[in-house]
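Working notes for the structure below.
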Amino acid sequence: MGDEIVVAPGGPLRGELRVPGDKSISHRALICNALAEGEARIRGLLDSADCRSTMACLSQWGVEFEIDADNLLVRSPGQHSFRPAPGVLDCGNSGTSIRLLSGVAAGLPFRSQFDGDDSLRGRPMRRVLDPLAAMGARVADADTAPFWVDGSDGLHQGFDGNLAVASGQVKSCIVFAALRAEHPSRIIEPGPSRDHTERMLGAMGADIEVDGSCIRVRPGADLATSDVHVPGDISAAAFWMIAAALIPGSDIALPNVGVNPTRSGVIDVLRSMGAVVELHNQRDVSGEPVADITVRGSQLYGTRIDGDLIVTALDELPALAVAAAFAEGITEIHDAAELRVKESDRIETTSAMLTAMGVEVEEWPDGMRIVEGQPRGATVDSHGDHRLAMSAAVAALASDPESGPTTIRGASAVEISYPSFWSDLDRLRHDGR
């Protein structure tokens, strides 16, 4: 496939589809097991560019990986035996890799140099470097990558304070550093953020306590490796949920999807818009809530998305903006300024995409106002942002059939989180015929 793809409108979408493993949980399964000495098997790991970046960085510290049937085997000497990386820790496009591994690096007795691609170099890093410096790590005087973190002097202070933003990445960075600090840490969040790190570390023996918005970490506990079964990624499932809701006659099943309440805001938003989203066979797998999801085509209505709901649906907001473009009435998105510092400025790029397709959009500093319309085929650009490329595909599928297809430039961006996206799209369309 070239870096441009053409998507024609049409449907319905029908059938069952297993979405790839959850990206956030995959990163954490790799990192948490690397911290402990021994072996662990990870089943369902997302094989994507972002997760490969995390593996490449951990390999430089001495962690080994091996494919074993359907599992990935992690073999680690433990964080206490990590060796200095022979080169720069290149995190590619992955903000999760660079921020979480910075926290690990703060607890290592040597300097680690981090960098990434042009997109990652534009994302804010002071939000993790400042807390690490307050704990005693030496860090580069930098706002963005490239930067370095040096834990040679030890972490003489625990972290005790409020996070400036509700961010699972920032919180996890501090938690990883707190495991190696000389004193306990207390982290207070301004709002809910994904809690995969706390769940996983707690299961592995870390002395970590969660009480509402407060996370307490006491250092010194020995971590034990833990086999992990990674559920399907709700952020990947969201594209099919929204596409199925928009296209009449659609009926799709998405088995084994993670429905962690800190991540499932997309379901709440879609239901508030009138979508028929059902969860079946709800259970816990490797400490994470999982369900089988079904979605049918339905009439959607405008809504307001703001407050804590933003944090639990942040990655899905570009796709939800697409849903809003087809919904009856007006949708407003507020409190979403964090979208401006993702892989692209997602407020600006999502607004531009919808505008190119004929939708009336008013852009605000922290969100947007979207007026009901009938998006039409157009040429749009992903700006190298995987979620924008997939959101554009959903808009193209549901667009006015008489307006022609949509050309999506930068289509290969899906490799970052969902390499099989285009083939899965073909499957669902074929099953719907």
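Of the residues that sit in region 1-31 and are acidic (D, E) and either surrounded by fewer than 24 Cβ atoms within 10 Å (Cβ to Cβ) or more than 14 Å from the chain's Cα centre (by Cα) (or both), which one is farthest from A389 (Cα to Cα)?
The qualifying residue farthest from A389 (Cα to Cα) is E16.
Results for (1) modelled with pLDDT of 95 or more; (2) more than 17 Å from S286 (Cβ to Cβ), shown as yes or no for each residue.
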residue: A29; (1), (2): yes, no
residue: D50; (1), (2): yes, yes
residue: M55; (1), (2): yes, yes
residue: L58; (1), (2): yes, yes
residue: G62; (1), (2): yes, yes
residue: I67; (1), (2): no, yes
residue: L73; (1), (2): yes, no
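I'd like the full set of residues that are surrounded by fewer than 24 Cβ atoms within 10 Å (Cβ to Cβ), under 23 Å from A40 (Cα atoms) and not hydrophobic (A, V, I, L, M, F, W, C), limited to region 77-113.
Scanning region 77-113 gives P77, G78, Q79, H80, S81, R83, P84, T96.
Which one of the conditions (1) touching a residue at least 60 places away in the same chain (Cβ under 8 Å); (2) buried (at least 17 other Cβ atoms within 10 Å of the Cβ) does L339 fail to meet, given that it meets all the rest?
The one condition L339 does not meet is (1).
Do we find a residue being farther than 30 Å from S152 by Cβ, modelled with pLDDT of 95 or more, of a type outside the set (D, E, K, R) and out of contact with any helix residue (DSSP H, G or I) (no Cβ under 7 Å at 6 or more places or on another chain) anywhere in region 36-44? Write out each step before concluding.
Looking only at region 36-44, we keep the residues that are farther than 30 Å from S152 by Cβ, and these are 41-44.
Retained after the next criterion (residues that are modelled with pLDDT of 95 or more): 41-44.
Now narrow it down to the ones that are of a type outside the set (D, E, K, R): 42, 44.
From the residues that got through so far, the ones that are out of contact with any helix residue (DSSP H, G or I) (no Cβ under 7 Å at 6 or more places or on another chain) too are 44.
Yes, region 36-44 contains a residue that is farther than 30 Å from S152 by Cβ, modelled with pLDDT of 95 or more, of a type outside the set (D, E, K, R) and out of contact with any helix residue (DSSP H, G or I) (no Cβ under 7 Å at 6 or more places or on another chain).
Kindly indicate whether N93 is in contact with an Asp or Glu (Cβ under 6 Å, 6 or more places away or on another chain) and on the phi < 0 side of the Ramachandran plot.
In short, yes.
Please determine whether any residue of region 101-110 is of a type in the set (F, W, Y), assigned to a loop (DSSP other than H, G, I, E, B) and either within 26 Å of the chain's Cα centre (by Cα) or modelled with pLDDT of 95 or more (or both).
For region 101-110, residues of a type in the set (F, W, Y), assigned to a loop (DSSP other than H, G, I, E, B) and either within 26 Å of the chain's Cα centre (by Cα) or modelled with pLDDT of 95 or more (or both): present.
Restricting attention to region 375-397, which residues are surrounded by 24 or more Cβ atoms within 10 Å (Cβ to Cβ) and acidic (D, E)?
Once the filter is applied, which keeps residues that are surrounded by 24 or more Cβ atoms within 10 Å (Cβ to Cβ) and acidic (D, E), region 375-397 yields only D385.
Looking for whichever is in the same structural domain as I310 (by TED's automatic domain parsing) and either surrounded by fewer than 23 Cβ atoms within 10 Å (Cβ to Cβ) or closer than 18 Å to L45 by Cα (or both) here; the options are A275, A253. Which one fits?
Exactly one residue qualifies, and that residue is A253.
I need a count of the residues in region 243-293 that are within 30 Å of E372 (Cα to Cα) and either in a loop (DSSP other than H, G, I, E, B) or aromatic (F, W, Y) (or both).
Qualifying residue count, region 243-293: 12.
Tell me which residues, restricted to region 48-94, are assigned to a strand (DSSP E or B) and of a type in the set (A, V, I, L, M, F, W, C).
Of everything in region 48-94, those that are assigned to a strand (DSSP E or B) and of a type in the set (A, V, I, L, M, F, W, C) turn out to be F65, I67, L72, L73, V74, L89.
Within region 380-410, how many residues are assigned to a loop (DSSP other than H, G, I, E, B) and either under 23 Å from the mean Cα position of the chain (by Cα) or not assigned by TED's automatic domain parsing to the domain that holds P318 (or both)?
Step one: of region 380-410, the residues assigned to a loop (DSSP other than H, G, I, E, B) are 382-385, 399-400, 404-405, 410.
If we keep only those that are either under 23 Å from the mean Cα position of the chain (by Cα) or not assigned by TED's automatic domain parsing to the domain that holds P318 (or both) as well, we get 382-385, 410.
Residues flagged as assigned to a loop (DSSP other than H, G, I, E, B) and either under 23 Å from the mean Cα position of the chain (by Cα) or not assigned by TED's automatic domain parsing to the domain that holds P318 (or both) within region 380-410 amount to 5.
Need at least 1 residues that are modelled with pLDDT of 95 or more and surrounded by 17 or more Cβ atoms within 10 Å (Cβ to Cβ) per element, so show me which strands (runs of 3 or more DSSP E) inside region 114-220 make the cut, counting only ones lying wholly within it.
147-150, 185-188, 207-211, 214-218
Determine which single condition E415 fails, assuming it passes every other condition in (1) part of a strand (DSSP E or B); (2) in contact with a helix residue (DSSP H, G or I) (Cβ under 7 Å, 6 or more places away or on another chain).
Every condition holds for E415 apart from (1).
What are the residues in region 294-303 that are assigned to a loop (DSSP other than H, G, I, E, B) and surrounded by 15 or more Cβ atoms within 10 Å (Cβ to Cβ), if any?
Correct list: G297, S298, L300, G302, T303.
Among the residues of region 334-348, what is the count of those that are among the small types (G, A, S) and either under 16 Å from the mean Cα position of the chain (by Cα) or under 21 Å from S97 (Cβ atoms) (or both)? Let's see the steps before the verdict.
Restricting attention to region 334-348, the residues satisfying the condition of being among the small types (G, A, S) are 336-337, 344.
Okay, now just the ones that are also either under 16 Å from the mean Cα position of the chain (by Cα) or under 21 Å from S97 (Cβ atoms) (or both), so 336, 344.
The total comes to 2.
Tell me, which residue of region 343-374 that is in contact with an Asp or Glu (Cβ under 7 Å, 6 or more places away or on another chain), in a loop (DSSP other than H, G, I, E, B) and at pLDDT 95 or above is surrounded by the most Cβ atoms within 10 Å (Cβ to Cβ)?
This residue is S344.
Can you tell me how many residues within region 34-60 are basic (K, R) and either within 14 Å of P20 (Cα to Cα) or buried (at least 24 other Cβ atoms within 10 Å of the Cβ) (or both)?
Adding up the residues that qualify gives 1.
Does M125 meet the test of being of a type in the set (A, V, I, L, M) and either in contact (Cβ under 8 Å) with a residue 60 or more places away in the chain or under 27 Å from H383 (Cβ atoms) (or both)?
Details: of a type in the set (A, V, I, L, M): yes; either in contact (Cβ under 8 Å) with a residue 60 or more places away in the chain or under 27 Å from H383 (Cβ atoms) (or both): yes.
Yes; evaluated as a whole, the condition is true for this residue.
The values are calculated or read from the model by the stated rules, or taken from the named source; none is laboratory data. No experiment lies behind these values; they were computed from the predicted model shown. Here the Cβ is made from the backbone with ideal geometry for all residues, glycine too, and neighbour counts use every protein chain on show.
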